[in-house]
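Trainee: This structure is in C-alpha cells; I'll ask about it shortly.
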C-alpha cells in the first residue's frame, strides 16, 4: 500500500513539475545592452539573451546532447562550475527539441545557464561541429577558442588562468 502511494505521488510530482524546472536560469548571465545580434532563448524557456551582449569572464560552451565528445567533456565543466571561480554558459545546438536539451542538462548535472539555438542561428559565429568553447572577456571580446573537447579539468584551469588570470 505504501509503495503504491509513493509511486502515485512520484508520478504526480513528475507530471506537475515543468520540464524546465531542473534547467538553470539565465538570469545570472552578464549582458551588455546591444542594438542588434542573435537572440537565443534560455533553455528553461524563461527569457532570451542576445549573444553579442554576453560579457565575461565567461566560458561559452557549445554542445549537443547527441554529441559523444560533448558527453566526455561535461564532467570537467561540472568540476569547474563547482569551484564558482569562472562563469560558464552553455549553448545547446542542433537539438531535436527543447525537451531533449532540458533532459540532458538535468541528467548531467549542468548547473550553469543554458541557451538554446533553435534554428542554428549561431552557425555563422561558431561554425559547424561541437564541442567548441569560447573564452569571452569583460568587454565581450573572444580571447581564446577551444575547438574540440576538454580532456581534463586541469586543462580548463590552465586556460582560465592564462586567458582570464583566474585560478579556477
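The values are calculated or read from the model by the stated rules, or taken from the named source; none is laboratory data. Every value quoted in this text rests on a predicted model; they were computed, and no experiment measured them. Virtual Cβ from ideal backbone geometry, glycine too; neighbours counted across all protein chains shown.
Trainee: Taking the condition of being at pLDDT below 95 and within 18 Å of residue 69 (Cβ to Cβ), how many residues in region 124-142 meet it?
Mentor: Adding up the residues that qualify gives 5.
Trainee: In addition: If you check 80, 74, 91, 49, which single one turns out to be in a strand (DSSP E or B), within 16 Å of residue 133 (Cβ to Cβ) and at pLDDT 90 or above?
Mentor: The match here is 91.
Trainee: Within region 117-148, how many residues turn out to be farther than 13 Å from residue 59 by Cα, touching a strand residue (DSSP E or B) at 6+ places or on another chain (Cβ under 8 Å) and in a loop (DSSP other than H, G, I, E, B)?
Mentor: Number of matching residues: 7.
Trainee: If you don't mind, another one. In region 109-129, what residues are closer than 25 Å to residue 82 by Cα and without any contact (Cβ under 8 Å) to a residue 40 or more places away in the chain?
Mentor: 109
Trainee: Whether any residue in region 151-163 is in a loop (DSSP other than H, G, I, E, B) and more than 29 Å from residue 33 (Cβ to Cβ) is what I want to check.
Mentor: Yes: region 151-163 contains one or more residues that are in a loop (DSSP other than H, G, I, E, B) and more than 29 Å from residue 33 (Cβ to Cβ).
Trainee: Looking for whichever is surrounded by fewer than 21 Cβ atoms within 10 Å (Cβ to Cβ), over 28 Å from residue 100 (Cβ atoms) and either in contact (Cβ under 8 Å) with a residue 12 or more places away in the chain or within 16 Å of the chain's Cα centre (by Cα) (or both) here; the options are 140, 165, 148. Which one fits?
Mentor: One residue alone meets the criteria, 140.
Trainee: Please verify whether residue 90 is closer than 16 Å to residue 115 by Cα and surrounded by fewer than 17 Cβ atoms within 10 Å (Cβ to Cβ), treating the condition exactly as stated.
Mentor: no
Trainee: Give just the number: which of (1) out of contact with any strand residue (DSSP E or B) (no Cβ under 8 Å at 6 or more places or on another chain); (2) at pLDDT 95 or above; (3) part of a loop (DSSP other than H, G, I, E, B) does residue 110 not satisfy?
Mentor: Every listed condition holds for residue 110 apart from (1).
Trainee: A further question on this structure: Being closer than 26 Å to residue 163 by Cα and out of contact with any helix residue (DSSP H, G or I) (no Cβ under 6 Å at 6 or more places or on another chain) is the filter; apply it to region 93-115 and report the residue that is surrounded by the fewest Cβ atoms within 10 Å (Cβ to Cβ).
Mentor: 113
Trainee: Working only within region 151-162, note down all residues that are out of contact with any strand residue (DSSP E or B) (no Cβ under 9 Å at 6 or more places or on another chain) and free of Cβ contacts under 8 Å to residues at least 40 places away in the same chain. Explain how you work it out, then say what you get.
Mentor: Within region 151-162, the first condition is being out of contact with any strand residue (DSSP E or B) (no Cβ under 9 Å at 6 or more places or on another chain), and the residues that meet it are 151-154, 157-158, 161.
Across region 151-162, the qualifying residues are 154, 158, 161.
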